[in-house]
1. Quote the charge dipole size of region 1-47 about the Cα centre in Debye, to the nearest 20; the model charges only the Cβ of Lys and Arg (+1) and of Asp and Glu (-1).
2. Can you compute the charge dipole magnitude of region 63-109 about its Cα centre, using +1 on each Lys and Arg Cβ and -1 on each Asp and Glu Cβ, nothing else charged? Give it in debye, rounded to the nearest 20.
3. Using 0.36 nm per residue, how much length does the chain from S112 to E129 gain when fully extended, once their Cα-Cα distance is taken away?
4. Taking the Cα centre of the chain as the origin, how large is its charge dipole in debye, to the nearest 20, when only Lys and Arg (+1) and Asp and Glu (-1) carry charge on their Cβ atoms?
5. What accessible area per residue, rounded to a whole number of Å², is obtained for region 1-47 using a probe radius of 1.4 Å?
6. Looking at [x] 9, 34, 34, 15, 5, 2, 0; [y] 9, 32, 30, 17, 9, 3, 0, 0; [z] 10, 39, 35, 12, 3, 0, which value of P(r) over Cα pairs in 10 Å bins from 0, in percent comes from a calculation on the structure shown?
7. As I understand it, the value is the acute angle between the Cα axis of helix 78-95 and the longest principal axis of the Cα atoms of the chain; what does it come to in degrees, rounded to 10?
8. Just going by the charge dipole of region 56-182, with Lys and Arg at +1 and Asp and Glu at -1 on Cβ, which of A110, V137, G160 is farthest out on the positive end?
Amino acid sequence: MSALRSDAARSRARILEVARTHDRAALRLNDVARDAGVGVGTVYRHFPTIHALVEALSAETLDEMLATSRRAAADPDPGAGLALYLRSALALQLEDGGLQAVLLSPEDEAESVRTAKREIFETFASVLEAARGAGAVRADLTVDHLAHLVCGIEHAVRLGSPDDRSLLVQVLLDGLRPAPSR
């Protein structure tokens with residue numbers, strides 16, 4: 001029985017290894033099975049949907065996002081915490097082409113993903129609220145606004161040059177500040 005379990009673990013590892021070489025936006029389980037040298041049924045046993053495979057591929061990045069959200073919440077300067085959060089979220093989304101889909105998906109395959117996402121978004125909301133309370137950002141910003149802005153910058157960097165990232169993030173951060181009182 002343990003031989004089957006170790007064999008299954010090797011198959012899962014091989015599937016993940018091969019899937020990492022594919023564009024996550026264009027993943028097809030049949031292609032992954034062929035490239036991994038396993039049967040389609042084996043892939044479906046481990047990953048019943050493409051989303052389940054993308055979640056598994058993004059698990060480490062999701063853990064990094066969770067750690068970042070905790071660091072941002074612990075920053076004594078709420079504005080700096082929010083900047084850390086936004087910069088890190090963008091960097092992780094650029095590194096992991098499946099992270100955005102996992103974060104935005106209303107349906108998660110794994111309970112661990114649901115739990116991590118819940119904490120990430122709750123922490124994001126508290127970091128934003130603290131930054132608002134400190135007067136570091138506009139009062140009318142929401143988590144959804146910021147998530148959309150980060151996604152927009154991710155798209156702009158992917159279309160343009162990675163060298164644009166710092167400038168675009170700085171423009172975002174400058175635009176979040178409240179207007180000076182006159």
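1. Values: 9 positive and 5 negative charges, 28 e Å.
Approximately 140 debye in magnitude.
2. 300 debye
3. On the way: separation 17, 0.36 × 17 = 6.12 nm, distance 2.57 nm.
Extra length from S112 to E129 when fully extended: 3.5 nm.
4. That gives the chain a dipole magnitude of about 140 debye.
5. Roughly 65 Å² per residue, with all protein chains present.
6. [y]
7. Between helix and principal axis, roughly 30 degrees.
8. About the Cα centre, the residue reaching furthest to the positive side is V137.
The values are calculated or read from the model by the stated rules, or taken from the named source; none is laboratory data. Just so we're clear, the structure is a prediction, and the values are computed from it rather than from any experiment. When we count neighbours, we look across all protein chains shown, and the Cβ atoms used for this are built from the backbone with ideal geometry, even at glycine. With ligands, DNA and RNA removed, areas are computed over all heavy atoms of the protein, side chains included. Shrake-Rupley method; radii C 1.70, N 1.55, O 1.52, S 1.80 Å.
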